[in-house]
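Visitor: Dropping the structure in here first, questions after.
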Protein chains: 2
Amino acid sequence: MDAADTENTTENAADGTGEPDDSWGEVAPDAARRLLLAAVEAFAERGFHATTTRDIASRAGMSPAALYIHYRTKEELLYQISRVGHERSVRILTEAGNSAVTPADRLAAAVRAFVRWHAERHTTARVVQYELNALAEEHYAEIVALRRRSEEILRGILQDGVAAGDFTVPDVRGTALAVLSLCIDVARWFRSGGTRTPEEIGELYAGLVLRMVGAPAFPAGETAGGEGRGA
Amino acid sequence: MDAADTENTTENAADGTGEPDDSWGEVAPDAARRLLLAAVEAFAERGFHATTTRDIASRAGMSPAALYIHYRTKEELLYQISRVGHERSVRILTEAGNSAVTPADRLAAAVRAFVRWHAERHTTARVVQYELNALAEEHYAEIVALRRRSEEILRGILQDGVAAGDFTVPDVRGTALAVLSLCIDVARWFRSGGTRTPEEIGELYAGLVLRMVGAPAFPAGETAGGEGRGA
DNA sequence: GTCTATACGACGATAGAC
DNA sequence: GTCTATCGTCGTATAGAC
C-alpha cells in the first residue's frame, strides 16, 4: 500500500524512448517494482483473471506471500498499472498536442506519439487498455475520468482544425473516438518480432489519420521522416 | 458435444439485420441454445475467466450440472461462439466485398457491413474479438486461420484499388490491418444506449476509410445514405 | 435430460516463525 | 521483509437418483 503509491510519473518525462519496459523505473522498494513488472507481464499474457498471485510472485522470484507485503490485493496491482498507464497516456497526448501550431501538425504529433507508445510498450498498454473491467468499482470510475480527458484532448484538436478550415469532418465526436480507437487497438495486434517498428507504425498512422480528417496536402504520406509536415 | 456442432451457419445468410441477438437461432436442442446465449452474455460482461459455469447455467435457468450435458467444458462454449462468429465475419467481408464493381464501392460496402455487425452484435463480437487467447491451443490455431482469411479479403480489395489507380496507399498490408483494427475495435466501445445507430457508425467509418486510402471524390462523406457512391 | 450432492484441486489471502 | 504452512472458499467437472 505504501510502496505502491508511485508519484514518480513526473520524472522521465521524455516519453517512451528506448528501454525494454520501465515506465516503472522508480517504484518504491525494489521488490515492489519487480512485482509490478511481473504483474504487467502476466496480465498481458493471460489476462487479469487467469493470472494467479502465485504466478506473479514466482515471476518476481518470491514466495506467494511476499506479494501481500507490498500490495493489499491482486486488484491493487492492476489499479497501479492502470493508473500510471492512463496518466502517461494523457500526458503523451497533451504534450504532443501542444508541440506544434497548426491543427494538422498537432494531430499528427499526437497520433504519432500515442501509437508509438502503444507499440513500444505494448505489454503495458495491453493491460492498461484491455483489463479495465477487472478493476474495482471506485478505481474503475477514476480511470474512466482519465480516459475522458484523453478523448477531450483529441476532440479539441479536431475542433480547432475544423474551425480553422483545415479539416473536413462531418462528425467530430465520432471521428475523435475512431482515431483514439485506431491508436489503442495497436496494443492488441502489435508483436515485437514484426516487420514494422513502432516509429514506422506511428508515421503510417499519422498519415492515415490526417487523410481521414481531410487535411490538405496529404494525398499519400511518405513512409518515414517528415517531422510535422502536413498543412 | 452433439448439440454443440452447429452447422446452421449457412442459413439466415441475409447477414445481421434486425433481431436482438440470435446468430444462434438454430442451435440444436433448445437448452443448448439457451446456454450458448447465456455464455455469450456472461463472457462479454465479465470475460471468459471471470465467468463461472454456475453463472452460465443459472442465466440459462438450469442447474450447474446441466451445462455438461450439452458441452464438455467451459472452453468448448467459447470455441463454438468464436468459430461461428469468425465464420460470419469472413462471410460478411466476402459478400460485401463482392457486392460491387469498383474497389471504392467494394471497400465501402465491406467496412459498412463489418462495422455494422460489430455494433449491432457487439455482445457477441466482444467475445469473438477479445477472448481469443482463452481458447485451447488447437482451437486457437483454427480461429487464427479464419482471421487470416479476413485479412486477405481486405488486403485484396486494397490491392485492386491500388492496381486500378483508385487508391493511393503507401503500405497495403499495414493499411489493411489498420482498417480491420478500426472496425473490430467498435465492439469494444459501442454501447446500445448511445447517440449513434450501428448504421450511422458504419456509414461514418466507410467514409473515413475511403479517405484513408485516398479514394477520390471523398473529401467529406455525407452522414447517411449514399449507398455505394465513391469512385 | 435434468436434478442434488459432492469430489478434488486451486485460488486469494493470512498467521506466525525467522 | 521474506519465508513456510495453512485456512476458507469457490471453481470445474462428475456420480448417481429421478
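Visitor: Ignoring ligands, DNA and RNA, how do B:117, A:189 rank by accessible area with a 1.4 Å probe, largest first?
Guide: A:189, B:117
Visitor: Using only atoms on other chains, find how many Cβ atoms lie within 10 Å of each Cβ of peptide B:192-199 and report the average.
Guide: If you average over the peptide's residues, the count of other-chain Cβ atoms is 1.
Visitor: Leaving ligands, DNA and RNA out of it, rank B:37, A:132, A:208 by accessible area with a 1.4 Å probe, largest first.
Guide: B:37, A:132, A:208
Visitor: Rounded to the nearest 0.05, what FRET efficiency do residue A:99 and residue A:173 have when you use their Cβ-Cβ distance and R0 = 30 Å?
Guide: 0.80
Visitor: Follow-up. Could you put A:62, A:212 in order of accessible surface area, largest first, with the 1.4 Å probe and the full protein assembly present?
Guide: A:62, A:212
Visitor: Further, regarding this structure: Using the heavy atoms of the protein chains and a 1.4 angstrom probe, tell me the accessible area per residue for the range B:92-131 in square angstrom.
Guide: The answer is 26 Å² per residue.
Visitor: Between copies, how far apart are the residue B:63 label points? List them in nm, one decimal, shortest first, with each point 7 Å from Cα toward Cβ, please?
Guide: 4.3
Visitor: Tell me, what is the percent relative contact order of the range B:76-120, built from C-alpha pairs under 8 Å that lie six or more residues apart?
Guide: 32 percent
Visitor: Shifting gears a bit: Roughly how much of residue A:82 is accessible, in Å² to the nearest 10, using a 1.4 Å probe?
Guide: 0 Å²
Visitor: How far apart, in nm, are two points set 7 Å out from the Cα along the Cα-to-Cβ line at residue A:160 and at residue A:138?
Guide: 3.7 nm
Visitor: What are the ³J(HN,Hα) values, in whole Hz, obtained from phi via the Karplus relation 6.51 cos²θ - 1.76 cosθ + 1.60 with θ = phi - 60°, for each residue of the range A:143-159 in sequence order, with x given for Gly and Pro?
Guide: 5, 4, 4, 5, 5, 5, 5, 4, 4, 5, 4, 5, 4, x, 4, 4, 4
Visitor: Tell me, what is the percent relative contact order of the range A:8-212, built from C-alpha pairs under 8 Å that lie six or more residues apart?
Guide: 24 percent
Visitor: Using a 10 Å cut-off around each Cβ of peptide A:50-60, what is the average number of partner chain Cβ atoms that fall inside?
Guide: Partner Cβ neighbours, averaged per residue: 1.
Visitor: To continue, here is another question. Just to be sure I understand: if you take the accessible area of chain A alone plus chain B alone and subtract the pair, with a 1.4 Å probe, what total do you get in Å², rounded to 100?
Guide: Chains A and B together bury approximately 2800 Å².
Visitor: While we're here: Over the whole of B:98-106, what's the average partner chain Cβ count within 10 Å per residue? Rounded to a whole number, please.
Guide: Per-residue shielding by partner chains comes out at 0.
Visitor: Please work out whether the range A:88-231 counts as rounded, prolate or oblate from its C-alpha gyration tensor, where a ≥ b ≥ c are the square roots of the eigenvalues and a/c under 1.5 means rounded, while otherwise a/b larger than b/c means prolate and anything else oblate?
Guide: oblate
The values are calculated or read from the model by the stated rules, or taken from the named source; none is laboratory data. None of the values given here were measured: they were computed from a predicted structure. Note that each Cβ is placed from the backbone with ideal geometry, even for glycine, and that neighbours are counted across all protein chains shown. Ligands, DNA and RNA are excluded from the accessible area calculation, which covers all protein heavy atoms including side chains. Shrake-Rupley method; radii C 1.70, N 1.55, O 1.52, S 1.80 Å.
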